[in-house]
Amino acid sequence: MDEQPEAAQEPQAGLAGQAAGALDRRAELSEFLRTRRARLQPEDVGLPTFGRHRRVPGLRREELAQLAGVSVAYYTRLEQGNGRNVSAEVLDSIARALRLNDAEHAHLTHLAKPKAHKKKRSARPQQVRGALRQLIDTLDGVPAYVTGRRSDILVWNRMAAAVFGDWSALPAQERNWARMVFLRPDYRDLYVDWDQKAADIVSYLRMDAGCHPDDPLLSALVGELSVKSEEFRRLWATHDVKEKSHGVKRMHHPLVGELTLSFETFHLPDDHEQNLITYHAEPGSPSADALRLLASWGTDATRASTATP
């Protein structure tokens, strides 16, 4: 059995994090509503278009308020970040008017009506149950890992290391999908559709920020990536959100070449901040053969992959 990777420790906040503090929930709410409104045109929602030149992209506040059935003054206060005393019914109406999907609707609710958290809750070390560690280790031939808050990688099995690289060789604070995707050239080379992977990671972080705007470590991560990556800054400014789900990823592995793997995300019922992610290849496909080859190499595949330029 492969040695069990250690649990990720909480990353230390760097200079960017010390300056960042907590995310401004009111500003987040304001910008989220503005960006959702800007992507809609009157014809998208059945409203007439008056004049060829509009001063603002997308719907006007007046048009959105009309669709949601609220006063312009009320909606304006909400879009300025003042979500105090807003009812769930009003948020539902605004979500329908903005054509929000389920993830966006949940994000709006988190921003407008944040739940009370215990002090310093987000700073507690993230722990993975021992039985879940054992389960992951027994998934022979199936790359699997658990992520926590901020897309931190907490535990993984040897097949995940063979596919994605030897995470045990990284400092604990670097075992984070956002840092790896935006700051490590080898991950840019690994993903055939890197742009989509990057957009997904930022969308996940946005959902996390809506649930935990007072998390100083998340603010530190956002601050660090905003300083170091222009692509991250651009994607963060879109305010797009997404829940981890399922799909297909195409990769170019340094040892076995092209891999097309389907992934599934399992939300843990006893810890909603942790997700188990597994990957598999279509039976009989070249990718399935490649996974078997990596499995037969074991830890040698991980070392060779890490050493390959």
Practice prompt. Of all residues in the stretch 235-271, count the ones that are of a type outside the set (Ser, Thr, Tyr), within 17 Å of Ala209 (Cβ to Cβ) and either in contact with a Phe, Trp or Tyr (Cβ under 8 Å, 6 or more places away or on another chain) or in a loop (DSSP other than H, G, I, E, B) (or both).
Written response: 7
Worksheet entry | Residues that are at negative phi and either part of a strand (DSSP E or B) or without any contact (Cβ under 8 Å) to a residue 40 or more places away in the chain (or both), drawn from the stretch 272-285 | His272, Asn275, Leu276, Ile277, Thr278, Tyr279, His280, Ala281, Glu282, Pro283, Ser285
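Results for (1) of a type in the set (Val, Ile, Thr); (2) surrounded by fewer than 17 Cβ atoms within 10 Å (Cβ to Cβ), shown as yes or no for each residue.
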| residue | (1), (2) |
| --- | --- |
| Val227 | yes, yes |
| Leu235 | no, no |
| Thr238 | yes, yes |
| Val241 | yes, no |
| Ser285 | no, yes |
Discussion item. All but one of (1) in contact with a Leu (Cβ under 9 Å, 6 or more places away or on another chain); (2) under 25 Å from Ala295 (Cα atoms); (3) not in a helix (DSSP H, G or I) hold for Gln126; state the number of the condition that does not hold.
Written reply: (2)
Discussion item. Just the residues that are on the phi > 0 side of the Ramachandran plot and modelled with pLDDT of 60 or more, please, taken from the stretch 22-55.
Written reply: Gly46
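Have a look at Pro213, Pro254, Pro269 and point out the one that is in contact (Cβ under 8 Å) with a residue 12 or more places away in the chain and over 19 Å from Asp189 (Cα atoms). Quick ask: steps written out before the conclusion?
Details: Pro254 fails: over 19 Å from Asp189 (Cα atoms); Pro269 fails: in contact (Cβ under 8 Å) with a residue 12 or more places away in the chain.
Within the list Pro213, Pro254, Pro269, the selection yields Pro213.
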Worksheet item: Are there any pairs with C-beta distances below 6 angstrom linking a residue in the stretch 138-167 that is within 22 Å of Pro283 (Cβ to Cβ) and free of Cβ contacts under 8 Å to residues at least 60 places away in the same chain to a residue that is charged (D, E, K, R) and surrounded by fewer than 24 Cβ atoms within 10 Å (Cβ to Cβ), with the two at least 6 apart or on different chains, and if so which?
Response: none
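Would you check if there is a residue in the stretch 260-281 being among the hydrophobic types (A, V, I, L, M, F, W, C), modelled with pLDDT under 95 and closer than 17 Å to Ala161 by Cβ? Walk me through how you get there before you give the answer.
Quick first cut of the stretch 260-281, residues among the hydrophobic types (A, V, I, L, M, F, W, C) only: 261, 263, 266, 268, 276-277, 281.
From what's left, modelled with pLDDT under 95: 268.
Among the residues that remain, those that are also closer than 17 Å to Ala161 by Cβ are: none.
Within the stretch 260-281, not a single residue is among the hydrophobic types (A, V, I, L, M, F, W, C), modelled with pLDDT under 95 and closer than 17 Å to Ala161 by Cβ.
Does Gly81 meet the test of being out of contact with any Phe, Trp or Tyr (no Cβ under 8 Å at 6 or more places or on another chain), over 30 Å from Arg150 (Cα atoms), modelled with pLDDT under 95 and of a type in the set (Gly, Ala, Ser)? Give the derivation first.
Working: out of contact with any Phe, Trp or Tyr (no Cβ under 8 Å at 6 or more places or on another chain): yes; over 30 Å from Arg150 (Cα atoms): no; modelled with pLDDT under 95: yes; of a type in the set (Gly, Ala, Ser): yes.
It is false that Gly81 is out of contact with any Phe, Trp or Tyr (no Cβ under 8 Å at 6 or more places or on another chain), over 30 Å from Arg150 (Cα atoms), modelled with pLDDT under 95 and of a type in the set (Gly, Ala, Ser).
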Worksheet item: His105 passes all but one of (1) in contact with a Phe, Trp or Tyr (Cβ under 8 Å, 6 or more places away or on another chain); (2) closer than 21 Å to Val202 by Cα; (3) at pLDDT 95 or above; which number fails?
Response: (1)
Worksheet item: So Asp300 fits all but one of (1) open to solvent by 80 Å² or more (accessible area, probe 1.4 Å); (2) within 18 Å of Asp140 (Cβ to Cβ); (3) modelled with pLDDT of 95 or more; what number is the exception?
Response: (3)
Worksheet entry | Matching option when the condition is without any contact (Cβ under 8 Å) to a residue 60 or more places away in the chain, of a type in the set (Asp, Glu) and either touching a Lys or Arg at 6+ places or on another chain (Cβ under 6 Å) or closer than 18 Å to Asp24 by Cβ (or both), among Asp200, Asp208 | Asp208
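The values are calculated or read from the model by the stated rules, or taken from the named source; none is laboratory data. All figures in this text were calculated on a predicted structure; none of them were measured in a lab. Positions of Cβ are generated from backbone atoms using ideal geometry, with glycine treated the same way; all protein chains shown enter the neighbour counts. Areas reflect the complete protein model, heavy atoms only, side chains present, ligands, DNA and RNA absent. Shrake-Rupley method; radii C 1.70, N 1.55, O 1.52, S 1.80 Å.
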